[in-house]
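A short write-up of the structure that comes next.
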Amino acid sequence: MARGVVPTLREIARQFGFRSVTAAADHVRALRKKGYLLHHPRLARSHGVVVPGGESSTRRSLVNVPLYGTIPAGFAAERLQESERSVSIDLESLGLRGRSQIFALEVRGDSMIGRHIVDGDVAILDRGVTPQPGDVVAALIDRESSLKTFVIEDGQPLLKAENPNYPDLIASEELLIQGVLVALVRKLS
């Protein structure tokens, strides 16, 4: 079965170990009757998954967000950005329609546990958003990356750790915000 293509009844039967195409057709018919599948008569491979709210799943809002490696949520560290793989995200479910500047980084460390961001989470960031005080950001501070809360104190920007075991970071040379956190993906083991 090709990804993103609705399978034929024969492919469904083979995938689920049904002895006949009729058994697969019966299951598909039951799913349509229960409201889980939408079907367009007289069109091949025309089933669509029903999304809450009555729309069929067209996968238009599903995008592959590039995953550019890891980002320290601890002490800042030097990092290279190379797209390793991607994370598929439904932008509409996150309220991110039409955004094209989304990228992802895997969190390493525990300096953001106060914001419920833990080691292994995948941070979904938007480089097209202007950071506001209180936003969690991916930043380059003196050429080293870190994931922290963006704060302004006494007119000076700083990166605040959300774990008392880590210091806040103040730039001695340069602070460059690379993206604002818009979502987290957590894989439960």
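Modelled spin labels at Leu184 and Arg32, positioned 7 Å past Cα toward Cβ, are 4.3 nm from each other.
Extension gain for Val151 to Leu62 (0.36 nm times residue separation, less C-alpha to C-alpha distance): 28.8 nm. In plain terms, the chain from Asp126 to Glu144 could stretch by 4.6 nm, reckoned as 0.36 nm per residue minus the Cα-Cα distance. Listed by chain and number, the lysines placed with their C-alpha closer than 30 angstrom to that of Lys148 are Lys160, Lys187; residues fewer than eight positions away on the same chain are left out. Considering only the Cα atoms of segment 62-185, their convex hull presents on average a projected area of 7.2 nm². The gain in end-to-end length when the Val49 to Ser88 segment is fully stretched comes to 12.3 nm, 0.36 nm per residue minus the alpha carbon separation. Here each label is just a point 7 Å from Cα along the line to Cβ, and for Thr8 and Asp119 those points are 5.0 nm apart.
Every number here is computed from the coordinates shown, using simple stated rules; none is lab data. Not measured: the values here are computed from a predicted model. Cβ sites come from the backbone with ideal geometry, for glycine too, and all protein chains shown count toward neighbours.
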